[in-house]
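Written below as structure tokens is the structure these notes are about.
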Amino acid sequence: MRVLLVHPSPLIFSEIYLRLEPLGLECVGGAVERAGHEVRMLDLQVFAHRDFHDALAAWRPQAIGFSLNYLANVPEVVDLAIAAKRQLPGTHVFVGGHSASFVADGLLAHADGAIDCVIRGEGEAITPRVLEAFAAGGGLATLPGVVTADGSGPPPLLISDLDEMKPARHLARRRRKYFIGELDPCASIEFTRGCPWDCAFCSAWTFYGRSYRKLSPEAAAADLESIREPSVFIVDDVAFIRPEHGDAIAAEVERRRIQKRYYLETRADVLTRNREVFARWTRLGLRYMFLGLEAIDEEGLKAHRKRVHLGENERALEVARELGLVVAVNIIADPDWDERRFEIVREWALSVPEIVHLTVNTPYPGTETWLTDARRFITRDYRLFDVQHVVLPTRLPLRRYYEQVVQTQSILARKHLGLRALWDTAGIALRLLAQGQTNFLRMLWKFGGLYNVDRLYGDHEREVRYALRLPERGEQRVVRPSRDDLYVHHPTAVAAGS
Ligand code: B12
Ligand code: SF4
């Protein structure tokens, strides 16, 4: 079969700081290729909608698969599915990915027949079987994790051996467009899947049923060695939870003499506990680290059920500074904040050398806050669920809240993207320019045009054609939300294999 895999357009966030290859779609693409199909991938982060329609006309794919990790991309994907079915009525359309897994029924309803099925959970093992069912003309609704308008199959199964799931990176054309900050160009890699913690605002753990699986050190290093880019984003939810695993990969990297620069994300307590493994990776080229601090007070940390204390966060920042890493941290802005609270956060952010990001508290489907807070939404417009817009009632009038968000983000951005920063990074910018890499330089100037009160506030006025469905009333009555209501991969189905 001719299979076209499509990643939707970027959201505000990735228009400024970074743009990364669609690793999940590449993993699915690899599995589909191994099953003998002809695969092409179109990443609308770096291609235009026009290219999508051109590809349909010229290549006439028999199946089109959309990746939907981000809720804010739902309207775009639904519209593209409808347009694709109009242009090629015989083609099969399927959707998968993180967010799609939590809102499968809503997607099918919005698309009104234009999406044949949604694939919940990991896509590698099941997608070839879905393509077989398309070819056979039936049997979709009996497959694990597959949801159709006529019913759903059994719960999705986790794949048993991650080593076999090699991403088909060759499917990503225009690879030089992927970057994160000055790591330009930058590829992505995965060493582990899943997260054993259970933060209230996060759906990483509910997607994978709190499982945590690792690639073998040999497979991880072999994948790394196959990457041509000089920089690599390690996309694991929490890097190096198991220090012996991080060490074993490091040993392989040393043995193979792989030289790259790395960016990773981890938790404060993991960094302080496993300092040595991070130090070893720093010697191997680790430069940047993202730490999700989430709050600067004990009360906030408790509310997010982050299971770390303030002292631990502070110690982690000290460790990262000692290792010479550039650290970006995230703070979640609560809708309850007033001007004084934003002021405190700004003062704190300016007092530390780290890059500080502010995101707005957003209860996503699949999180515990979704069950407790969704009834309070002021909007159900998917496009606003991007952690930059506000979806819950604010204590301040909405516009004033946005003024505070933008003012805070601008001050934080000036700290790192302004003239002073440009002066500090002039050498890097010139080196990249000489190599024809302009992503980093463009990033330095884009901020003001994208983050502004009129745009963010004005986005609430747009016509809403597709509205997020709220949890069933029954779910709402749950006082202590049951995890069973949230999981995509259920813990009992974990390791059942493919
Ligand atoms: C790397 C990453 C990013 C990268 C983007 C990479 C990219 N181009 O896709 C960056 C850093 C840019 C990013 C940004 C953001 N991210 Co992010 N990100 C992740 C992260 C940590 C890993 C994603 C990944 O590559 N995983 C590895 C691959 C192999 O897995 P995968 O993509 O899930 O793919 C598998 C399945 O989902 C499925 N699948 C995927 N696509 C398809 C398609 C088909 C057809 C099928 C059948 C199956 C399928 O099969 C794949 C293989 O098993 C996830 C957390 C997570 N664990 O998934 C969060 C996550 C996806 N991000 C999230 C969020 C909130 C954001 C941001 C909005 C905010 C923020 N501050 O992080 C921004 C905005 C993104 C944007 N588009 O602009 C949320 C999603 C929430 C939601 N429901 O919308 C997640 C789940 C983190 C979380 N728990 O909060 N992110
Ligand atoms: S926020 Fe991080 S530590 Fe918490 S559940 Fe999500 S991925 Fe795990």
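The values are calculated or read from the model by the stated rules, or taken from the named source; none is laboratory data. Quantities reported herein were computed from a predicted structural model and do not represent experimental measurements. With ideal geometry, Cβ positions are generated from the backbone for all residues, glycine too; neighbour counts draw on all protein chains shown.
Here are a few things to note about the model shown:
- Listing of helices (runs of 4 or more DSSP H) fully contained in the range 253-323 that carry 3 or more residues being farther than 22 Å from residue 387 by Cα and out of contact with any strand residue (DSSP E or B) (no Cβ under 7 Å at 6 or more places or on another chain): 268-273, 275-284, 310-323
- Among residues of the range 195-222 being away from ligand 1 (no atom under 11 Å from the Cβ) and of a type in the set (S, T, N, Q), the one that is farthest from residue 145 (Cα to Cα) is 216.
- Every condition in (1) assigned to a helix (DSSP H, G or I); (2) more than 10 Å from ligand 1 (Cβ to nearest atom) is met by residue 24 except one, and the failing one is (2).
- The range 208-252: number of residues that are of a type in the set (A, V, I, L, M, F, W, C), in contact with a helix residue (DSSP H, G or I) (Cβ under 6 Å, 6 or more places away or on another chain) and assigned to a helix (DSSP H, G or I): 6
- Filter pass, residue 356 being part of a strand (DSSP E or B) and away from ligand 2 (no atom under 16 Å from the Cβ): yes
- Yes/no for residue 431 being surrounded by fewer than 17 Cβ atoms within 10 Å (Cβ to Cβ), modelled with pLDDT of 95 or more and assigned to a helix (DSSP H, G or I): no
- Only one of 332, 355, 296 that is surrounded by 14 or more Cβ atoms within 10 Å (Cβ to Cβ) and under 30 Å from residue 487 (Cβ atoms): 332
- If only residues of the range 110-132 that are surrounded by 24 or more Cβ atoms within 10 Å (Cβ to Cβ) and in a loop (DSSP other than H, G, I, E, B) are counted, the one that is farthest from the chain's Cα centre (by Cα) is 115.
- Condition broken by residue 235, with the remaining ones in (1) surrounded by fewer than 20 Cβ atoms within 10 Å (Cβ to Cβ); (2) farther than 30 Å from residue 483 by Cβ satisfied: (2)
- Selection of first residues in the range 59-73 that are more than 6 Å from ligand 1 (Cβ to nearest atom) and of second residues that are charged (D, E, K, R) and outside any loop (DSSP other than H, G, I, E, B), restricted to Cβ pairs under 8 Å at least 6 apart or on distinct chains, gives the following pairs, ordered by first then second residue: 59/2; 59/40; 60/2; 61/2; 61/40; 62/2; 63/2; 72/383.
- Residue within the range 45-62 that is of a type in the set (D, E, K, R), surrounded by 19 or more Cβ atoms within 10 Å (Cβ to Cβ) and either part of a helix (DSSP H, G or I) or at pLDDT below 95 (or both) present: no
- Looking across the range 208-238, the residues that are among the basic types (Lys, Arg) and within 16 Å of ligand 2 (Cβ to nearest atom) come down to 210, 213, 214.
- Checking each residue in the range 79-109 for being closer than 24 Å to residue 489 by Cα and assigned to a helix (DSSP H, G or I) picks out 98, 99, 100, 101, 102, 104, 105, 106, 107, 108, 109.
The rows are residues; the columns are (1) of a type in the set (Phe, Trp, Tyr); (2) over 30 Å from residue 285 (Cβ atoms).
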{"position": "313", "(1), (2)": "no, no"}
{"position": "337", "(1), (2)": "yes, yes"}
{"position": "348", "(1), (2)": "yes, yes"}
{"position": "361", "(1), (2)": "no, yes"}
{"position": "378", "(1), (2)": "no, yes"}
{"position": "387", "(1), (2)": "no, no"}
{"position": "391", "(1), (2)": "no, yes"}
{"position": "403", "(1), (2)": "no, yes"}
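- On the stretch given as the range 244-277, residues that are over 20 Å from residue 186 (Cβ atoms), in contact with a Lys or Arg (Cβ under 8 Å, 6 or more places away or on another chain) and either among the hydroxyl-bearing types (Ser, Thr, Tyr) or free of Cβ contacts under 8 Å to residues at least 12 places away in the same chain (or both) total 1.
- Residue ID - farthest from the chain's Cα centre (by Cα), chosen from residues in the range 326-361 that are farther than 19 Å from residue 180 by Cβ and small (Gly, Ala, Ser): 351
- Among the candidates 128, 167, residue that is within 12 Å of ligand 1 (Cβ to nearest atom), in contact with a helix residue (DSSP H, G or I) (Cβ under 7 Å, 6 or more places away or on another chain) and not assigned by TED's automatic domain parsing to the domain that holds residue 100: 167
- Here residue 382 meets the list (1) surrounded by 17 or more Cβ atoms within 10 Å (Cβ to Cβ); (2) under 21 Å from residue 181 (Cα atoms) almost entirely, failing just condition (2).
- Residue count for the range 186-202, restricted to those that are farther than 17 Å from residue 70 by Cα, in a loop (DSSP other than H, G, I, E, B) and either near ligand 2 (Cβ under 8 Å from one of its atoms) or in contact (Cβ under 8 Å) with a residue 60 or more places away in the chain (or both): 7
- Residues (charged (D, E, K, R) and surrounded by fewer than 21 Cβ atoms within 10 Å (Cβ to Cβ)) located in the range 257-293: 257, 260, 261, 265, 269, 273, 275, 276, 280, 283, 287
- Residues satisfying the stated conditions in the range 1-29, i.e. over 19 Å from the mean Cα position of the chain (by Cα) and surrounded by fewer than 20 Cβ atoms within 10 Å (Cβ to Cβ): 1, 2
- Restricting the range 158-193 to residues that are touching a His at 6+ places or on another chain (Cβ under 8 Å) and either under 25 Å from residue 118 (Cα atoms) or of a type outside the set (A, V, I, L, M, F, W, C) (or both), the residue that is modelled with the highest pLDDT is 192.
- So residue 205, is it free of Cβ contacts under 8 Å to residues at least 12 places away in the same chain and within 14 Å of ligand 2 (Cβ to nearest atom): yes
- Where residue 176 falls short, out of the listed (1) in a strand (DSSP E or B); (2) not assigned by TED's automatic domain parsing to the domain that holds residue 88: (1)
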